[in-house]
Amino acid sequence: MQGFFKLIRNYPSTFWIVNIMELFERWAWYGMFMVFALYLTGSVDTGALGFSQTQKGLMMGTVVGMLYLLPVFTGALADRIGYRNILIISYIILGISYFTLGRVTSFHSVYIIFIFLAIGAALFKPVITASIVKTTKPETASVGFGIFYMMVNIGAFIGPIAAAMLRKISWTYVFDMAAFVILINFIIVILFYKEPSKNAKSDKKLKQEIKHIFLNIFEALKDLRFTVFLIIIIGFWTMYNQLFYTLPIFIDQWMDTSVLYSKIYSVWPWLATTLGTNSGEIPAEILTNLDAMYIIMFQILISYLVMKFRPLHSMIVGFVINTIGLVLTFMTNNPMFLFVSILIFGLGEMACSPKISEYIGRIAPAGKTALYMGCSFLPMAGGNFFAGILSGSVYENMSDKISLLNREISSRNLEISEISESFTQNDYFETASVLMNMNKSELTNYLWHTYQPGNIWIVFATIGFTSVFALLLYNKFLLRSK
């Protein structure tokens with residue numbers, strides 16, 4: 001234990017400042033992002049925007065995909081003008097974007113502001129990771145990154161809880177919270193952040209450096225084994241991102257969380273009223289946030305258990321478990337089952353996600369580890385893009401409650417006015433329930449049993465198990481020991 005505290009004292013003050021900023025940035029991002037799909041598609045009479053699932057999927061998939069592509073270039077920019085300057089610019093963009101995002105309502109204006117938000121986040125990402133690298137030594141790096149990832153998950157856990165409490169008052173407060181947290185980071189970087197030691201400056205112009213980056217990526221992707229691996233990993237990230245893109249919508253549309261609220265209230269009334277909605281339900285973002293809670297609780301244990309596994313074997317096992325968890329999450333509309341299914345999902349994530357980076361580092365040729373690690377953003381970008389498609393047009397056709405209700409209304413030759421700002425999704429559903437002589441709960445159950453929206457699990461299972469099968473083939477035919 002003394003050795004641990006001695007190790008902790010070896011970290012410079014900038015290391016701790018960087019970790020605090022990471023916690024706050026993740027607080028802001030996940031506080032917004034975990035509810036963003038609900039905000040985009042919710043009924044306008046609740047303060048949400050009422051966009052279609054297809055619009056939501058297009059926006060989230062393309063913009064977040066772009067966010068993961070940009071850091072390789074913003075990192076080069078940071079090396080030239082300084083980490084502190086980039087962080088200041090990033091926080092200004094992020095703060096203004098979060099504040100504005102809660103105040104624009106048209107699809108195109110939200111899309112544009114979300115792009116600016118992604119640019120701000122893309123400026124932040126490479127600088128904060130590089131700062132950890134530069135403030136740790138070989139003997140302190142392992143624990144240092146462990147502390148860093150713990151901060152990531154603490155922020156990711158706090159943010160959605162704060163968002164759930166604030167959106168009971170107003171959706172705008174969710175975005176104001178994110179902007180305020182970024183303001184704290186802005187003050188921290190101005191007052192406390194010290195520039196880590198810099199590498200020798202290159203005499204190349206930024207344009208030349210970016211060209212060099214493209215050439216390096218092309219060089220790495222000529223490695224067939226590496227390129228095939230990156231393509232396979234897109235499947236994992238496509239599945240994983242359904243936690244943010246699709247699951248909150250699925251819970252909100254199809255699960256009666258008032259039952260869960262009542263059970264919590266019977267044991268701990270304060271917790272139920274604090275986390276629950278004004279109508280006595282548990283918000284979707286609280287339930288999806290179970291994943292972050294499980295990671296905080298079990299990541300160290302799972303990492304220890306798979307420590308001696310070959311990275312590829314750990315990934316295969318993790319992919320299988322992750323897929324099973326996601327399938328179970330969408331197979332039922334019982335919210336109580338989420339505690340188990342999200343745990344299974346999280347265990348798979350914990351087993352395979354860290355091993356992806358470890359594996360890339362192992363297969364990289366001598367002297368090219370940093371280059372190969374830099375390419376790990378590609379499957380994350382692709383995974384977000386395809387996750388947007390699945391949660392957009394695919395979900396809208398297979399599982400969206402309003403789309404399925406439209407189908408049922410048409411089959412019965414009933415006529416209801418088009419949804420508009422004056423006649424909202426909630427008005428549409430209530431009118432349909434009256435015409436069909438059902439209450440809202442009965443109509444939801446009828447649509448569930450008639451159209452089987454949970455069958456979207458088949459799509460997710462196909463992607464997951466195809467990725468597993470591809471990894472098995474990759475292991476057999478392409479993998480060569482180094």
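In the stretch 226-333, counting only helices (runs of 4 or more DSSP H) that sit wholly within it, the ones holding 1 or more residues that are of a type in the set (Lys, Arg) and either at pLDDT below 95 or open to solvent by 30 Å² or more (accessible area, probe 1.4 Å) (or both) span 258-267.
Selection of helices (runs of 4 or more DSSP H) fully inside the stretch 1-113 by the criterion of at least 2 residues being of a type in the set (Ser, Thr, Tyr) returns 13-41, 53-69, 83-101.
Of the conditions (1) assigned to a loop (DSSP other than H, G, I, E, B); (2) under 19 Å from Leu247 (Cβ atoms), Glu396 satisfies every one except a single condition; which number is it? The number of the failed condition is (1). Report whether or not Lys476 is of a type in the set (Lys, Arg), exposed (fewer than 13 other Cβ atoms within 10 Å of the Cβ) and either closer than 30 Å to His313 by Cβ or under 25 Å from the mean Cα position of the chain (by Cα) (or both). Criteria met by Lys476. Residues of the stretch 57-88 that are within 22 Å of Ile20 (Cα to Cα) and surrounded by fewer than 18 Cβ atoms within 10 Å (Cβ to Cβ): Gly82, Arg84, Asn85, Ile88. Pairs linking a residue in the stretch 79-105 that is more than 19 Å from Val127 (Cβ to Cβ) to a residue that is of a type in the set (Gly, Ala, Ser), with Cβ atoms under 7 Å and 6 or more positions apart or on different chains, are Phe99/Ala179. In the stretch 334-347, the qualifying residues are those that are open to solvent by less than 20 Å² (accessible area, probe 1.4 Å) and touching an Asp or Glu at 6+ places or on another chain (Cβ under 9 Å), and the one that is modelled with the lowest pLDDT is Gly346.
Among residues of the stretch 454-472 that are touching a residue at least 60 places away in the same chain (Cβ under 8 Å), those with a Cβ under 8 angstrom from a residue that is part of a helix (DSSP H, G or I) and open to solvent by 70 Å² or more (accessible area, probe 1.4 Å), sequence gap 6+ or separate chain, pair up as Gly454/Met331; Trp457/Met331. The residues on offer are Gly454, Gly464, and the sole one that is modelled with pLDDT of 95 or more and either open to solvent by less than 60 Å² (accessible area, probe 1.4 Å) or touching a Leu at 6+ places or on another chain (Cβ under 6 Å) (or both) is Gly454.
The values are calculated or read from the model by the stated rules, or taken from the named source; none is laboratory data. Note that this is a predicted model, so its numbers are computed, not measured. Don't worry about glycine lacking a Cβ; one is built from the backbone with ideal geometry, like all the others, and counts go over all protein chains shown. Heads up: the accessible areas ignore ligands, DNA and RNA and are worked out on the full protein's heavy atoms, side chains in. Shrake-Rupley method; radii C 1.70, N 1.55, O 1.52, S 1.80 Å.
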